[in-house]
């Protein structure tokens with residue numbers, strides 16, 4: 001499931017860090033960020049509210065605790081703060097999670113994993129049926145192509161176009177890699193490089209910073225995406241209980 005995110009923090013550096021983490025994480029899309037929490041209120045209520053909102057607790061115009069009380073019926077609130085003493089108050093406001101600054105990516109990723117297991121979107125639960133395909137405009141004008149998710153081996157971005165490599169052929173369409181990533185099921189696909197998304201079911205071997213796919217092709221992992229991908233694959237690793 002893909003989630004939309006919003007960030008509220010009166011420190012620009014804190015917003016920049018959260019933006020980086022959101023961009024690095026497959027299945028997350030940042031739809032906005034502000035330093036003044038009062039400006040965020042219209043964006044955090046109603047049917048189009050973000051799925052997850054990261055809110056700094058200690059802000060001048062309006063505290064994160066007060067803001068959460070106004071919006072937590074519409075969006076899932078994750079508090080961010082440098083002050084651990086706020087934790088109890090945060091959970092009293094029904095916060096989903098509490099990230100203590102300085103926030104490292106591992107802790108952020110665990111929060112998102114938990115969200116994927118437990119969050120249902122307000123106003124959307126029960127109404128969303130996950131399709132097993134998507135359609136694109138092909139390089140031939142006026143032609144739409146239906147592609148099943150489980151047929152895609154990998155995707156490669158190049159400027160404003162992407163190449164979609166399937167088990168049968170290759171398709172080119174006028175989309176960026178980031179645009180198509182928003183619509184891919186995160187249970188199947190992983191971003192491994194700024195230019196590559198792979199279907200993890202077609203990954204055969206991982207070694208020395210490269211991924212070898214079942215079709216024989218090898219792709220390089222980007223430094224920014226490597227850790228998240230390897231952590232995800234490590235979750236599937238069958239380990240011995242014996243001491244080595």
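FYI, it's all coordinate maths here, none of it is from the lab. Predicted, not measured: the structure shown is a model, and the values here were computed from it. Note that each Cβ is placed from the backbone with ideal geometry, even for glycine, and that neighbours are counted across all protein chains shown.
Points to keep in mind about this one:
- The mean of 1/r over all pairs of different alpha-carbon atoms in the chain, once inverted, gives a Kirkwood hydrodynamic radius of 19.7 Å.
- Summarising the label geometry, the points placed 7 Å from Cα in the beta-carbon direction at residue 47 and residue 215 lie 3.9 nm from one another.
- Overall form of segment 3-118 per C-alpha gyration tensor (a/c, 1.5; a/b vs b/c): rounded
- Computed from the C-beta positions of residue 61 and residue 104 and an R0 of 22 Å, the FRET efficiency is 0.20 to the nearest 0.05.
- Were the residues from residue 240 through residue 223 laid out at 0.36 nm apart, the gain over their Cα-Cα distance would be 3.2 nm.
- For residue 39 and residue 87, a Förster radius of 25 Å and the Cβ-Cβ distance give a FRET efficiency of 0.40, rounded to the nearest 0.05.
- Burial order of peptide ranges 37-46, 165-174 (average beta-carbon count within 10 Å, highest first): 37-46, 165-174
- Share, in percent, of DSSP beta bridges within the chain that are antiparallel, nearest 5: 60
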